[in-house]
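Below is one structure, written out as structure tokens; comments come after it.
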Amino acid sequence: MISMRKFRTPDAVIAGAGFSGMTLARALAEKGVKVLVLEKRSHIAGNAYDEKDEQTGLTVHRYGPHIFHTRDKAVFDFLSRFTDWNGYEHKVLANIYGKFMPVPFNLDSLYLAFPETKAKALEQKLLARYGENTNVSILELLKTDDCALHELGSYIYRNIFETYTVKQWDKKPEDIDPATTARVPIRLSRDDRYFTDPYQGLPTDGYTPLFCRMADHENIEIHTKTDALSLMRLSESDKKLYFDGQPFCGVFVYTGVPDALLDRRCGALPYRSLDFSFEVQNTEFFQPCGTVNYTVDKDYTRITEFKHMTLEKSPRTVILKEYSKNCDFARGDIPYYPILSPESTALFEKYTAALAAYKNLYLIGRLAEYRYYNMDAAVSRALAAADEILAAHFACGASV
Ligand code: FAD
Ligand code: UDP
């Protein structure tokens, strides 16, 4: 039971107050749907949650660095209703035995890696084969039959991808979903930004204030520290969804891990989790850019220094080291990344097939859809889902 509920009979219940859940909540609320949002953490904003570090007053991203970037104007326009943007464009360097090299590996990285004559010859070959301003994935480059380009591919594989990927996924690059390494292509230009999307930046005063403004609507009621699983039940016999002890006929949107809805009866869907280690450093800047990837050594994958991204000023700085590990739910780990493979996708499909029997249950979001969504993709999906839900359940308008 939730005490002190405003909506005794919500039209929609949403489990999870991340980008997926809150975008949906807002889009439905604006059409008159009364939405009850349940979030098991003590705060809204999901993995985008940020707050001020107590010692320095600098903004930190509690669940890892989040840089907004998109090509989707509709998504940008939607979020821009709740925030201004600081215009930050993310830069990443690889630390290769103490030497910094731009990531994605680009034409400038080439000249840092090799003597000039060799770099020039490789540049000409790359441009002739793939074209200027194009992207090539590491796995594609390694397939080349040209000896010199193959040697270059092996260099990039060893120095940028191999160790980092083993740390992040406990698997080699060739053994994970190829779309994952293709997120960071070899870039045949001198553009040293991590993302090339036209809209980029961080919310000027942070993600959490963005979420607070998105949540500020008379048709939205939020309860944090509330696990939706403790309030809902999927009945096997009548294929009905029960909420708070009663059959629930409204719409139920679930943005958490889907196997948990069925007690993991077909086995646990695999996710990667992270340990975060924040450190205050007594220096104005710790490193030359927002994120440095440790691509050949160290236990952590990357170090992020937030003030490069938030553009805040302080004589001190806060850095974050990320350590990747398998997600063990029994240990209380938080799932961050779906581990995509043919086996895990087949398992996910088993769960979605079983859950399809519950006609008012929607699985939306990075965890629930088992997809490697960036924030913009999560928002885009949630906006589309809101339209689907409105058409299917509230065609005559919500009961306001
Ligand atoms: P989430 O943010 O995970 O929100 C789901 C919410 O549901 C959580 O708050 C969770 O507590 C809650 N929940 C789960 N189960 C229940 C339950 N049973 N009851 C109640 N609540 C529940 N994307 C970018 O675009 N740019 C980036 O730079 C970027 N960096 C990232 C860095 C890291 C380390 C990670 C892990 C992700 C990053 N992402 C980035 C991706 C981004 O975090 C996701 O796209 C976004 O968070 C997806 O939103 P979501 O609402 O689907 O999921
Ligand atoms: N990757 C890598 N070296 C890098 C950066 C990325 O090997 O310096 C690989 C790694 O497998 C990683 C994937 O590319 O998981 C995607 O990187 P991205 O930065 O998109 O990951 P995220 O920010 O989502 O953790």
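In the list ASP146, ASP108, which residue meets the criterion of being surrounded by fewer than 17 Cβ atoms within 10 Å (Cβ to Cβ), acidic (Asp, Glu) and in contact with a helix residue (DSSP H, G or I) (Cβ under 9 Å, 6 or more places away or on another chain)?
ASP146
List pairs: first residue in segment 372-389 and more than 11 Å from ligand 1 (Cβ to nearest atom), second residue part of a helix (DSSP H, G or I) and of a type in the set (Val, Ile, Thr) anywhere in the structure, Cβ distance under 8 angstrom, at least six positions apart or on different chains.
Listed by first residue and then by second, the contacts come to LEU383/THR23; LEU383/VAL75; ALA386/THR23.
Of HIS69, HIS43, which residue is part of a strand (DSSP E or B), within 11 Å of ligand 1 (Cβ to nearest atom) and in contact (Cβ under 8 Å) with a residue 60 or more places away in the chain?
Every option except HIS69 fails the conditions.
Tell me, please, whether a residue that is within 12 Å of ligand 1 (Cβ to nearest atom) and not hydroxyl-bearing (Ser, Thr, Tyr) can be found in segment 349-362.
For segment 349-362, residues within 12 Å of ligand 1 (Cβ to nearest atom) and not hydroxyl-bearing (Ser, Thr, Tyr): absent.
I'd like the residue in segment 235-255 that is among the hydrophobic types (A, V, I, L, M, F, W, C) and outside any loop (DSSP other than H, G, I, E, B) and, out of all such residues, is farthest from VAL37 (Cα to Cα).
The selected residue is LEU241.
Residue-wise test of (1) within 22 Å of the chain's Cα centre (by Cα); (2) in contact (Cβ under 8 Å) with a residue 12 or more places away in the chain.
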| position | (1), (2) |
| --- | --- |
| THR204 | yes, yes |
| ASP227 | yes, yes |
| SER230 | no, no |
| LEU234 | no, yes |
| LYS240 | no, yes |
| GLY256 | yes, yes |
| ASP259 | yes, yes |
| ALA268 | yes, yes |
| ARG272 | yes, yes |
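Of the residues that sit in segment 46-66 and are part of a strand (DSSP E or B) and in contact (Cβ under 8 Å) with a residue 60 or more places away in the chain, which one is nearest to ligand 2 (Cβ to nearest atom)?
This residue is HIS61.
Please work out which one of (1) more than 16 Å from ligand 1 (Cβ to nearest atom); (2) in contact (Cβ under 8 Å) with a residue 12 or more places away in the chain is the condition GLU343 fails and give its number.
For GLU343, the exception is condition (2).
Would you mention how many residues in segment 1-18 are β-branched (Val, Ile, Thr), within 11 Å of ASP244 (Cβ to Cβ) and modelled with pLDDT of 95 or more?
So the count comes out to 1.
Matching residues to (1) farther than 18 Å from ALA45 by Cβ; (2) modelled with pLDDT of 95 or more:
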| residue | (1), (2) |
| --- | --- |
| ALA356 | yes, yes |
| LEU367 | no, yes |
| ARG381 | no, yes |
| CYS396 | yes, no |
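Which one is surrounded by the most Cβ atoms within 10 Å (Cβ to Cβ), of the residues in segment 242-252 that are closer than 22 Å to ALA353 by Cβ and within 29 Å of the chain's Cα centre (by Cα)? Steps first, answer last, please.
As a first pass, look at segment 242-252 and keep what is closer than 22 Å to ALA353 by Cβ: 242, 248, 251-252.
Retained after the next criterion (residues that are within 29 Å of the chain's Cα centre (by Cα)): 251-252.
Working: VAL251: 25, PHE252: 22.
Here the answer is VAL251.
Here are THR117, THR181, THR163: which of them is of a type in the set (Val, Ile, Thr) and exposed (fewer than 15 other Cβ atoms within 10 Å of the Cβ)?
THR117
The values are calculated or read from the model by the stated rules, or taken from the named source; none is laboratory data. Everything numeric here is computed off the predicted structure, so don't read it as measured data. Virtual Cβ from ideal backbone geometry, glycine too; neighbours counted across all protein chains shown.
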